[in-house]
1. Go through segment 72-146 and tell me which helices (runs of 4 or more DSSP H), entirely inside it, have 2 or more residues that are surrounded by 16 or more Cβ atoms within 10 Å (Cβ to Cβ).
2. Go through (1) crowded, with 24+ Cβ neighbours inside 10 Å; (2) not in a strand (DSSP E or B) for Ile24 and report which single condition fails.
3. Can you work out which of the residues in segment 224-264 that are touching a Gly at 6+ places or on another chain (Cβ under 9 Å) and polar (S, T, N, Q) is farthest from Ala14 (Cα to Cα)?
4. For the list (1) surrounded by 22 or more Cβ atoms within 10 Å (Cβ to Cβ); (2) within 23 Å of Val125 (Cβ to Cβ); (3) at pLDDT below 95, I need the number of the one condition that Ile65 fails.
5. Of (1) touching a residue at least 40 places away in the same chain (Cβ under 8 Å); (2) open to solvent by 60 Å² or more (accessible area, probe 1.4 Å); (3) farther than 30 Å from Asp143 by Cβ; (4) not polar (S, T, N, Q), Glu333 satisfies all except one. Which?
6. Based on this model, can you work out whether Ile238 counts as farther than 19 Å from Ala409 by Cβ, in a helix (DSSP H, G or I) and open to solvent by less than 50 Å² (accessible area, probe 1.4 Å)?
7. Given the conditions (1) in a loop (DSSP other than H, G, I, E, B); (2) in contact (Cβ under 8 Å) with a residue 12 or more places away in the chain, and given that Thr398 satisfies all but one, which numbered condition is not satisfied?
8. Just checking, which of Gly408, Gly354, Gly375 is farther than 17 Å from Phe251 by Cα, out of contact with any strand residue (DSSP E or B) (no Cβ under 7 Å at 6 or more places or on another chain) and in a helix (DSSP H, G or I)?
Amino acid sequence: MMADPDGFIGTLLAIEGIADARAILNGPNGCRGYPAYFSDRHYPRENSLDRRTFEELFYFGQPRIPCTYLDSDDYILGATEKLREILPLVAAKGDAFLAIVNSPGASLIGDDLDRFLTEARLDHVCMAFSGAAYSRPLPEGFDEAIAAVLRWLKLNRLPRVKNRVNLVGCSMVQKYWQGNIRELTRLLALMGLSVTAVPGSGSSIAEIRESTTASANLVVFPEYAEKTAKFYQDKFAIPAVIPPSGAPVGFAATEAWIRAAAEATGRDPAPALAEIRRQRIHACHQIARHYHEGGYPKGATFAVRGDSSFVLPLATWLHEYLGMIPVSVQCMEGEDTGTAGRIRDVLAGIGCSGTYGADPAPLHPDLFFGDDMTGIDLFLNGSCRETIGLFNRTIGETEFVEKAYLGGAGALWILEKVFHAVRRLQD
């Protein structure tokens, strides 16, 4: 079963990922349900527990992504009255930035969204998305939306600060995205670098306006940042740093990411690498207790499905570090072609060429790494024995302790999940 959200959802989540921004959906209420629930679940911003706070028209009790709830008459006669009514009501909430996005059907009506914004005197705070990345991969929609927002903001060219960087290519789609950002920020701080902005992933409009002071854009997941990085490069000459080993998943890829960041900024990577070494030693001591006992994952089979820049370092690390055997390696739509090629090379080098793109269901892997929905579907159908979720969907347990799967802390978390899963396989 493949039910991945598309670029239209990526557009809405990119806007909702800005701390003081709000997406407005011009479309039927059914198009709003998934992204509104998802953004509120994975990036809650409203402090009130009183759901009546958002019971007024266009919100319907849900605090995220107010909607014009288009019906059949609106598709024939246009949505003029609803657009005129919704814009001032949403603007009164006081957000620093608004973006009205047409649903696929609404984009065919032909309403001039910019005209409505001008009439409502909101064109200084609200931009219009007459179209979005409909039916294209989610990362493309996210990336294009962030790049469009950056252009609309008309960012100023500010003096460059050597110890400032931006993190780009992060999204609330990634599980533990806030913990991931804090872990990378912590490692960068050990090198004397500070993170100015993470566009679309928790930064405010004011922080995004400051992003042009950065000396480099450190790319985490390239699929979500190709156009964003190009915008910064073309308009402000801020270089993008994209390590060929992929996202900082596992110890080796994290070390490569740290070295690339240090080289681009002229900083000393030694303090951050020393921290990764400390975590390596800690992991080694724990693994040593299981090496000759039950519960060691060497020889266990696994399947992985995710963004190519995530799949490459994870699959490589699980095989090289733990001796696990890949049986299915799948990249989600929107993969980076260069990274996908490196994945094929890695698999060919270990005699597993046939695993690229293979359906995991008939192969019955011991562990599945990917989004929870696909993993649970495989598990309930008896097609995998354990599943480790690494991408957000609308399901999952309620968790209070902040976690990460990137960086050194993330490597330890993945190891913990793997060893617990393998131990359960033997019970």
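1. 80-91, 113-119
2. (2)
3. Filtering first and then ranking leaves Thr254.
4. If we test Ile65 against (1) surrounded by 22 or more Cβ atoms within 10 Å (Cβ to Cβ); (2) within 23 Å of Val125 (Cβ to Cβ); (3) at pLDDT below 95, just (3) comes out false.
5. Every listed condition holds for Glu333 apart from (3).
6. no
7. Looking at each condition in turn, Thr398 falls short on (2).
8. One residue alone meets the criteria, Gly354.
The values are calculated or read from the model by the stated rules, or taken from the named source; none is laboratory data. Note that the structure is a prediction, hence the values are computed from the model and not measured. With ideal geometry, Cβ positions are generated from the backbone for all residues, glycine too; neighbour counts draw on all protein chains shown. All accessible areas refer to the heavy atoms of the entire protein, side chains included, with ligands and DNA or RNA removed. Shrake-Rupley method; radii C 1.70, N 1.55, O 1.52, S 1.80 Å.
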